[in-house]
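J.: There's a structure below that I have some questions on.
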Amino acid sequence: MDDTADTADTADTADTAVSKVREYYRLVDADDVSGLLALFAETAVYRRPGYEPMRGQADLMAFYTGERVIAEGKHTVVTTVADGRRVAVNGVFEGVLKDGREVSLEFADFFELDAALRFARRDTFFFAPMV
């Protein structure tokens, strides 16, 4: 049995998934909420320390347009690991919170994409007290 086609499909899917994750960070750093929300499935779930799980586009919109404590900043992705439609990244976020504090902290994100290659799930972890 030839697994070459399956391997190529998985590699292509992983490459696409990684591209979407990189696009997410570009959009969130640019404060392009409508653009980043388009990357998420309608029924997406986002889990983040200090918040109840966000479920669906309405919860995500409320988070990104109001509840998020970050005023501005930049994500620098250091490591990316992909397995098909699953992508894990770690990196550093440097920016300013809405209360004026400057922060620099490490983060880890885990994305799972659906068959349409939209984010079905995202889990975020910080190497610091809640942000």
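J.: Can you give me the angle between helix 4-29 and the longest principal axis of the chain, using Cα atoms only, in degrees from 0 to 90, rounded to the nearest 10?
T.: 10
J.: In the chain, what percent of the accessible surface is made up of carbon and sulfur (1.4 Å probe, ligands and nucleic acids excluded)? Can you show the working numbers first?
T.: Working: 3800 of 7420 Å².
After summing per-atom areas, the C and S share lands at 51 percent.
J.: Also, I was wondering about something else. Would you compute, from DSSP H runs of 4+ residues alone, the mean residue ellipticity of the chain at 222 nm, taking -39500 (n - 2.57) per run and dividing by the full residue count, rounded to the nearest 500?
T.: Only helices count here, giving -9000 deg cm²/dmol.
J.: Go through the range 84-96 residue by residue and turn each phi into a ³J(HN,Hα) via Karplus (6.51, -1.76, 1.60, θ = phi - 60°); whole Hz please, and just put x for glycine and proline.
T.: Result, rounded to whole Hz: x, 8, 10, 9, 10, 9, 9, x, 10, 10, 10, x, 10.
J.: With N denoting the number of residues in the chain, provide Rg(C-alpha) divided by 2.2 N^0.38 Å, to two decimal places.
T.: Details: Rg = 15.4 Å, N = 131, 2.2 N^0.38 = 14.0 Å.
Rg over 2.2 N^0.38 Å, computed on Cα atoms: 1.10.
J.: Using θ = phi - 60° and the Karplus relation 6.51 cos²θ - 1.76 cosθ + 1.60, list the HN-Hα couplings for the range 40-54 in order, rounded to whole Hz, with x at every Gly or Pro.
T.: Taking θ as phi minus 60°, the curve returns 9, 5, 4, 9, 4, 10, 10, 10, 8, x, x, 10, 5, x, 8 Hz for the range 40-54.
J.: Give me, ordered by chain and number, the residues 5 or more places off Arg85 or on other chains with an amide H under 5 Å from its own placed amide H.
T.: Placed amide hydrogens put nothing under 5 Å from Arg85.
J.: In sequence order, what are the phi-derived ³J(HN,Hα) couplings for the range 102-116 according to the Karplus relation 6.51 cos²θ - 1.76 cosθ + 1.60 with θ = phi - 60°, rounded to whole Hz, with x for glycine and proline?
T.: 3J(HN,Hα) across the range 102-116, in whole Hz: 8, 10, 9, 8, 7, 9, 9, 10, 10, 10, 10, 9, 7, 5, 8.
J.: What accessible area per residue, rounded to a whole number of Å², is obtained for the range 12-131 using a probe radius of 1.4 Å?
T.: For the range 12-131, the per-residue accessible area is 54 Å².
The values are calculated or read from the model by the stated rules, or taken from the named source; none is laboratory data. Quantities reported herein were computed from a predicted structural model and do not represent experimental measurements. Quick note on the areas: whole protein, heavy atoms, side chains included, nothing else; ligands and nucleic acids left out. Shrake-Rupley method; radii C 1.70, N 1.55, O 1.52, S 1.80 Å.
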